[in-house]
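Following: one structure in structure tokens, then a few remarks.
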Amino acid sequence: MIKSYRDMETLENDLSQRIIELLKTAIQDKNNAKLLLSGGNTPKGVYSKLSRADIDWKKVQIGLVDERFVENESKFSNEKMIRDILIQNKASKAKLIGMLFDSDYKKNLEAAKSQYKDFKNADLVILGMGNDGHTASIFPNDKSSEKACSNNSANLANTSAPDHPVQRITLNRKFICEANEVILMITGNDKGLIFENSMKSNYPIRHFIHKINSVYYTTK
């Protein structure tokens, strides 16, 4: 389950190859692939490598695991990061669907729920993890995040982050766990210990341990 690497470059090469393999298999089996991606700095190198991969990208539909409720051109936008790094080169033919459709926070959630119905049972979800043990936008000590984990139907939820930007939208636990494959990418000794102690410390990532197929991890 845990694939440990000595350096980031080797991890990124192996993870990008695994993603390519899964996407090609999905396209071969059903003529399309559905990929759900996390934001943050950690996966940028992987996304850059994927942008140059030989895949039939026009058959790949890409969505987000979560998003900050900000303008699409904001430096905090996950959609912007993925668009600027992944939806380039050969991958420019892929279809990226963000999570922001309305300037009203509550109305946007309903619009996103409708748009993301097609992503249920996705072929692959890439998760990350924060230093507080959160994943997606499911945070500790947040009632809306707790509801996102207890809801037994696959859906989206508005949650509250402990820092700016506070307003978030995320796939809930059930939605993520219904994907065919879930991969977690983490870096650094601190996050390794957080993941190791997630059950004992009740970190949000614990809700996904049973579903995660592989953890790609490097201490550097």
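The values are calculated or read from the model by the stated rules, or taken from the named source; none is laboratory data. Please read these numbers as outputs of a predicted model, since none were measured by experiment. With ideal geometry, Cβ positions are generated from the backbone for all residues, glycine too; neighbour counts draw on all protein chains shown.
Quickly run through segment 62-74 and pick out the residues that are within 22 Å of L22 (Cβ to Cβ) and either part of a loop (DSSP other than H, G, I, E, B) or β-branched (V, I, T) (or both).
Scanning segment 62-74 gives I62, V65.
Among V46, V60, which is the only one that is crowded, with 19+ Cβ neighbours inside 10 Å and under 24 Å from M8 (Cβ atoms)?
Selected residue: V46, the only one of V46, V60 that is crowded, with 19+ Cβ neighbours inside 10 Å and under 24 Å from M8 (Cβ atoms).
Which residue, of A53, A26, is among the aliphatic types (A, V, I, L, M), outside any strand (DSSP E or B), under 21 Å from E181 (Cα atoms) and touching an Asp or Glu at 6+ places or on another chain (Cβ under 6 Å)?
Answer to the check: A26.
Select from segment 124-133 the residues that are outside any loop (DSSP other than H, G, I, E, B) and out of contact with any helix residue (DSSP H, G or I) (no Cβ under 6 Å at 6 or more places or on another chain) and write down the one among them that is nearest to D14 (Cα to Cα).
Within segment 124-133, the first condition is being outside any loop (DSSP other than H, G, I, E, B), and the residues that meet it are 124-127.
Subsequent filtering for residues that are out of contact with any helix residue (DSSP H, G or I) (no Cβ under 6 Å at 6 or more places or on another chain) retains 126-127.
Values: I126: 14, L127: 16 Å.
Checked segment 124-133; the qualifying residue nearest to D14 (Cα to Cα) is I126.
So which pairs qualify, if the first residue must be in segment 207-220 and at negative phi and basic (K, R), the second must be surrounded by fewer than 19 Cβ atoms within 10 Å (Cβ to Cβ) and in a strand (DSSP E or B), the Cβ gap must be under 9 Å, and the two must be at least 6 apart or on different chains?
K220/Y5
Every residue in segment 50-85 that is free of Cβ contacts under 8 Å to residues at least 12 places away in the same chain and acidic (D, E), please.
E71, E73, D84
Among the residues of segment 75-87, write down those that are assigned to a loop (DSSP other than H, G, I, E, B) and surrounded by 15 or more Cβ atoms within 10 Å (Cβ to Cβ).
S77, L86, I87 - these are the residues of segment 75-87 that are assigned to a loop (DSSP other than H, G, I, E, B) and surrounded by 15 or more Cβ atoms within 10 Å (Cβ to Cβ).
For segment 111-121: of the residues being surrounded by 13 or more Cβ atoms within 10 Å (Cβ to Cβ) and touching an Asp or Glu at 6+ places or on another chain (Cβ under 9 Å), which is farthest from S38 (Cα to Cα)?
Among them, the one singled out is A111.
For segment 191-220, what are the residues that are in a loop (DSSP other than H, G, I, E, B), aromatic (F, W, Y) and under 14 Å from the mean Cα position of the chain (by Cα)?
none
Taking the options L23, L37, L11, L64, name whichever one is over 30 Å from L193 (Cα atoms) and at pLDDT 95 or above.
Only one candidate passes the filter, namely L23.
How about segment 134-153: which of its residues are buried (at least 24 other Cβ atoms within 10 Å of the Cβ) and part of a helix (DSSP H, G or I)?
S145, A148, listed by residue number.
Within the group N41, N108, N121, which residue is in a loop (DSSP other than H, G, I, E, B), farther than 28 Å from D7 by Cβ and not hydroxyl-bearing (S, T, Y)?
Numbers: N41 fails: farther than 28 Å from D7 by Cβ; N108 fails: in a loop (DSSP other than H, G, I, E, B).
Every option except N121 fails the conditions.
Within segment 4-52, track down each residue that is basic (K, R) and out of contact with any Gly (no Cβ under 9 Å at 6 or more places or on another chain).
Residues of segment 4-52 basic (K, R): 6, 18, 24, 30, 34, 44, 49, 52.
R6, R18, K24, K30, K44, K49, R52, listed by residue number.
Suppose the filter is in a loop (DSSP other than H, G, I, E, B) and in contact with a Lys or Arg (Cβ under 7 Å, 6 or more places away or on another chain); does S103 pass it?
no
Anything in segment 164-190 that is crowded, with 20+ Cβ neighbours inside 10 Å and assigned to a helix (DSSP H, G or I)? List them, or say none.
Selection gives R173, F175, I176.
Which residue pairs have Cβ atoms under 8 Å apart, sit 6 or more places apart or on different chains, and have a first residue in segment 116-142 that is closer than 15 Å to I194 by Cβ and a second that is charged (D, E, K, R) and assigned to a loop (DSSP other than H, G, I, E, B)?
From residues that are closer than 15 Å to I194 by Cβ, the pairs are F139/D132; P140/D132.
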